[in-house]
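The values are calculated or read from the model by the stated rules, or taken from the named source; none is laboratory data. Quick caveat: nothing in here was measured; it's all calculated off a predicted structure. As a convention, Cβ positions derive from the backbone with ideal geometry for all residues, glycine included, and neighbour counts pool all protein chains shown. Accessible surface is based on the protein model in full, side chains and every heavy atom, while ligands, DNA and RNA are left aside. Shrake-Rupley method; radii C 1.70, N 1.55, O 1.52, S 1.80 Å.
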Amino acid sequence: MSKHHRNRNWAPAPQPLPEDAHVIDNHTHVASVVPFSRAMSHEAVEKGQEEVPVYSVDELLRQASDVGVEGVIDCGCELPNLMTAIDMAREHPGVVHAAIAIHPNESVLHGHRGVPGPDGLPITYKPWHDMSFDDAMAEVHRLAVTYPDQVVAIGETGMDLFRTGEGAKELQREAFRAHIALAKDLNLPMQIHDRDAHRDVIETLLADGAPERTVFHSYSGDAEMGEIARENGWYLSLSGTFSYKGNDGIRESVKLVGMSHVMVETDAPYLSPMPYRGRPNAPYMIPYTLQALANYLDQPLAEIAKATRNTTRVVYGI
């Protein structure tokens, strides 16, 4: 099948993990999988392919459980999505846990302060962007304090210099600093979004003092950054990009920090692992990334799965 007619349908379910090696998806957006798969289905039909099934949140969580993904940390990082993650955690206690923040790209849209970035996309403001960033951040704080049983992390926050132009870079940095302060104030772990911004993210963390449990979600750094993470006790969360050709720096970093500082995630609905790159992603896909990690480290899958689960429990207290 050519790239033009790539397969947009769900990947087959992986072999279930052993019962004693169930894991947690460290970072995902389950509610977003539903409209994403609906859009993929629309594209597929337009290309003369079969419809892509659209599953509910409950069905997606059940599919994950069936292959040994016992829980997820669901990330709400736009103002309307904060309560989506929290409500999902309330409806699925012990299975879904929430991380909340104002995403780096969102942070500069609040108050209509956006600047076009290297991605070349036009800036689009939504109604909630009329609210200032400070007021949006106050809502993150309020919800984290109001729902302490559900909110287990602040994130995703950080910097993204692909989507945001140089003119808004310092605004994005100040938003990141506000999240660092909040995570430390509430003694919560922090999940970092870092896109084309390694140096700026690291400089900011070192200048302000990183939260005790700092996690690089969908880690994309090189071995040099892996060494800095090791020195500072930062955690790496691996998405499907770990399995992509050319990402040797990500793989080398894993050996540097060791499995006590490694977790796995989907970042669904994006970043499906090989050989299913480009298809819809969901928490049930985690075993594929675990297998790629086990193959790279030449260790049994079950041992790798247990190690990531133990790290996740330590970081989030779940």
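What are the ³J(HN,Hα) values, in whole Hz, obtained from phi via the Karplus relation 6.51 cos²θ - 1.76 cosθ + 1.60 with θ = phi - 60°, for each residue of segment 250-262 in sequence order, with x given for Gly and Pro?
Once rounded to whole Hz, the list reads 4, 5, 5, 5, 4, 5, 5, 7, x, 5, 5, 10, 10.
Please work out how much length the chain gains when fully extended from residue 65 to residue 297, using 0.36 nm per residue of separation minus the C-alpha to C-alpha distance, in nm with one decimal.
Numbers: separation 232, 0.36 × 232 = 83.52 nm, distance 2.54 nm.
This chain segment gains 81.0 nm when fully extended.
Read phi for every residue in segment 135-148 and hand back ³J(HN,Hα) as whole Hz from Karplus 6.51 cos²θ - 1.76 cosθ + 1.60, θ = phi - 60°, with x for Gly and Pro.
5, 5, 5, 4, 5, 4, 4, 4, 5, 4, 6, 6, 10, x
Mind listing the long-range amide H neighbours of residue 27? Cut-off is under 5 Å, sequence gap 5 or more, other chains count too, H placed in the peptide plane at 1.01 Å from N.
When sequence neighbours closer than 5 places are left aside, the close amide H contacts are 73, 266, 267.
Rg and Dmax of the chain, using alpha carbons, in Å: what are they?
Cα only, the chain: 18.6, 54 Å (Rg, Dmax).
If you place +1 on the Cβ of every Lys and Arg, -1 on the Cβ of every Asp and Glu, and leave all else neutral, what size is the dipole of segment 1-55 about its Cα centre, to the nearest 20 Debye?
Details: 5 positive and 7 negative charges, 73 e Å.
Dipole of segment 1-55, to the nearest 20 debye: 360 debye.
Once the Cβ-Cβ distance between residue 318 and residue 121 is put in as r, and R0 is 25 Å, what FRET efficiency do you end up with, to the nearest 0.05?
Working: r = 36 Å, r/R0 = 1.43.
Efficiency computed from Cβ-Cβ geometry: 0.10.
Would you work out the relative contact order for segment 12-71, in percent, from Cα pairs under 8 angstrom that are 6 or more residues apart?
Details: 49 pairs, mean separation 30.4, N = 60.
Result for segment 12-71 is 51 percent.
Run lengths n ≥ 4 of DSSP H only: what is the helix-derived mean residue ellipticity at 222 nm for the chain, with -39500 (n - 2.57) per run over all residues, to the nearest 500?
Details: 11 runs with 132 residues, N = 318.
For the chain, the value works out to -13000 deg cm²/dmol.
Suppose we look only past 15 Å in the calculated P(r) of segment 186-272. What percent of the Cα-Cα pairs does that tail hold? Let's see the in-between values first.
Numbers: 2052 of 3741 pairs.
Taking all Cα-Cα pairs of segment 186-272, the fraction more than 15 Å apart is 55 percent.
How large is the Rg to Rh ratio of segment 69-228 when both quantities use alpha carbon positions and Rh follows Kirkwood? Don't skip to the end; give the middle numbers.
On the way: Rg = 15.2 Å, Rh = 15.8 Å.
Radius of gyration over Kirkwood radius for segment 69-228 works out to 0.96.
Name the residue farthest towards the positive end of the dipole of the chain from the options 179, 244, 151, assuming +1 on Cβ of Lys and Arg, -1 on Cβ of Asp and Glu, about the Cα centre.
Checked the options; the winner is 244.
If a paramagnetic tag sat 7 Å from the Cα of residue 166 along the Cα-Cβ line, which residues of segment 193-228 would have the backbone N under 18 Å from that point?
Answer for this model: 196-201.
Tell me the Rg and the Dmax, in Å, that the Cα atoms of segment 88-183 produce.
Rg then Dmax for segment 88-183, in Å: 14.3, 42.
Could the peptides 65-76, 204-215, 141-152 be put in order, highest first, of the mean number of other beta-carbon atoms found within 10 Å of their residues? Could the numbers behind the result be given before it?
Numbers: 65-76: 23.6, 204-215: 17.7, 141-152: 16.0.
In decreasing order of mean packing, 65-76, 204-215, 141-152 become 65-76, 204-215, 141-152.
Just to be sure I understand the model, the point goes 7 Å from the Cα along the line to the Cβ. What's the resulting residue 139 to residue 54 distance in nm?
Distance between the two pseudo-spin positions: 2.5 nm.
In square angstrom, what is the accessible area per residue of segment 1-68 with a 1.4 angstrom probe? It would help to have the intermediate numbers written out before the result.
Values: 3690 Å² over 68 residues.
Per residue, segment 1-68 has an accessible area of 54 Å².
Taking the Cα centre of segment 146-255 as the origin, how large is its charge dipole in debye, to the nearest 20, when only Lys and Arg (+1) and Asp and Glu (-1) carry charge on their Cβ atoms?
Working: 12 positive and 19 negative charges, 50 e Å.
So the dipole magnitude of segment 146-255 works out to roughly 240 debye.
If the only charges are +1 at each Lys and Arg Cβ and -1 at each Asp and Glu Cβ, what is the size of the charge dipole of the chain around the Cα centre, to the nearest 20 debye? Spell out each step's value before the answer.
Numbers: 27 positive and 44 negative charges, 107 e Å.
Computed charge dipole of the chain: roughly 520 debye.
In whole percent, how big is the carbon plus sulfur part of the accessible area of the chain, probe 1.4 Å, protein atoms only?
Percent of accessible area from carbon and sulfur atoms in the chain: 49.
Only Cα pairs under 8 Å and at least 6 apart count here; give the relative contact order of segment 1-151 as a rounded whole percent. Display every interim value, and only then the final one.
On the way: 185 pairs, mean separation 29.6, N = 151.
Relative contact order comes out at 20 percent.
Hey, can you grab everything whose amide H is under 5 Å from the amide H of residue 96? Only 5+ residues off in sequence or another chain; H modelled, so Pro and N-termini drop out.
72
What accessible area per residue comes out for segment 171-210, rounded to a whole number of Å², with a 1.4 Å probe?
On the way: 1680 Å² over 40 residues.
Solvent-accessible surface per residue comes out at 42 Å².
To the nearest 0.05, what FRET efficiency results for residue 255 and residue 112 with a Förster distance of 51 Å applied to their C-beta separation? Numbers along the way, then the final one.
On the way: r = 45 Å, r/R0 = 0.88.
Given R0 = 51 Å and the Cβ-Cβ separation, E is 0.70.
Would you work out the relative contact order for segment 83-125, in percent, from Cα pairs under 8 angstrom that are 6 or more residues apart?
Relative CO of segment 83-125 lands at 23 percent.
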